[in-house]
Amino acid sequence: MSSATPTPTRVRRLPVVGPLRLGRPSDVWFKPALSVVAAVAVPSLLLMTLGRLDLAPYTMAGSLCALYAHNRPYAARAKVLAWVILGMLGGLAVALVSASLTRNAVVLVTVGALLAAAQKAVCDATRVGPPAHVILTFVSSATLFVPQTLGQVPGHLALAAAAGAWAWLVGMAPAPLRPHGPERRATAQALNAA
């Protein structure tokens, strides 16, 4: 038997530890959440009053656009929200038309994958910011498997567009009260970082 002391082995951390570490939440983390609550509540209550909660997935698609652009000045926010709503409607249209034309799961999954790739590429290229393509992909992927007829697609898209317009108004609602709020927050963050 040897009396030599064993050398300790060095434990290496996995390279994924950094991305998985929780960071400090955004200073405005509650604003997207409250905006979505307001954007979802009105269309959902209206559908409930009409006894048509079965249409909620389509209004939800437009309402979820209220999650975007809370860190931007209001002029830029207006444009970003409009483009996000148009992107949501485009992805939803492709998904609904595909769902109305086929029930073949392989075709629908392929369409979903192509949509997801296109949505990611566009969101990365435009730097739309969080939640980026995730919500767009979630909505279009989910609606790919909702039974549709081609005649229902325009009405469902109209519901999503109306809810998207409401989400745009919700996102822009603070502008008259605090017209320079986003710029002030950005300046304060920059000064605190320095």
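State whether the residues of segment 125-139 include one that is more than 30 Å from PHE30 (Cα to Cα) and not charged (D, E, K, R). Scanning segment 125-139 turns up no residue that is more than 30 Å from PHE30 (Cα to Cα) and not charged (D, E, K, R).
State the number of residues belonging to segment 74-90 that are under 21 Å from TRP29 (Cβ atoms) and out of contact with any His (no Cβ under 8 Å at 6 or more places or on another chain).
As a first pass, look at segment 74-90 and keep what is under 21 Å from TRP29 (Cβ atoms): 74, 76-77, 80-81, 84.
This time we only want the ones that are out of contact with any His (no Cβ under 8 Å at 6 or more places or on another chain), so: 74, 76, 80-81, 84.
Qualifying residue count, segment 74-90: 5.
Just to be sure, is ALA41 at pLDDT below 90, surrounded by 11 or more Cβ atoms within 10 Å (Cβ to Cβ), among the small types (Gly, Ala, Ser) and assigned to a helix (DSSP H, G or I)? So ALA41 does not fit the description; no. I'd like to check something: does segment 185-193 contain any residue that is open to solvent by 80 Å² or more (accessible area, probe 1.4 Å) and either in contact with a Cys (Cβ under 9 Å, 6 or more places away or on another chain) or aliphatic (A, V, I, L, M) (or both)? Checked against the condition, which is being open to solvent by 80 Å² or more (accessible area, probe 1.4 Å) and either in contact with a Cys (Cβ under 9 Å, 6 or more places away or on another chain) or aliphatic (A, V, I, L, M) (or both), segment 185-193 yields at least one hit. In the set VAL107, VAL128, VAL80, VAL122, which member is open to solvent by less than 40 Å² (accessible area, probe 1.4 Å), part of a helix (DSSP H, G or I) and β-branched (Val, Ile, Thr)? Among VAL107, VAL128, VAL80, VAL122, only VAL80 is open to solvent by less than 40 Å² (accessible area, probe 1.4 Å), part of a helix (DSSP H, G or I) and β-branched (Val, Ile, Thr). The single condition from (1) under 16 Å from the mean Cα position of the chain (by Cα); (2) on the phi > 0 side of the Ramachandran plot; (3) not hydrophobic (A, V, I, L, M, F, W, C) that GLY51 fails is (1).
Of the residues THR49, THR59, which single one is of a type in the set (Ser, Thr, Tyr) and buried (at least 21 other Cβ atoms within 10 Å of the Cβ)? Step through it out loud before you land on a result.
Numbers: THR49 fails: buried (at least 21 other Cβ atoms within 10 Å of the Cβ).
Of THR49, THR59, the one residue that is of a type in the set (Ser, Thr, Tyr) and buried (at least 21 other Cβ atoms within 10 Å of the Cβ) is THR59.
I'd like to check something: does segment 144-152 contain any residue that is free of Cβ contacts under 8 Å to residues at least 40 places away in the same chain and not charged (D, E, K, R)? Yes.
Does segment 96-111 contain at least one residue that is in contact with an Asp or Glu (Cβ under 9 Å, 6 or more places away or on another chain) and farther than 20 Å from ALA75 by Cβ? Explain how you work it out, then say what you get.
Filtering segment 96-111 down to residues in contact with an Asp or Glu (Cβ under 9 Å, 6 or more places away or on another chain) leaves none.
Scanning segment 96-111 turns up no residue that is in contact with an Asp or Glu (Cβ under 9 Å, 6 or more places away or on another chain) and farther than 20 Å from ALA75 by Cβ.
The values are calculated or read from the model by the stated rules, or taken from the named source; none is laboratory data. Since this is a predicted model, take the numbers as computed values, not measurements. Neighbour counts are summed over all protein chains in view; Cβ atoms, including those assigned to glycine, are modelled from backbone coordinates with ideal geometry. The protein model used for the area step is the full one, side chains on, heavy atoms only, and it has no ligands, DNA or RNA in it. Shrake-Rupley method; radii C 1.70, N 1.55, O 1.52, S 1.80 Å.
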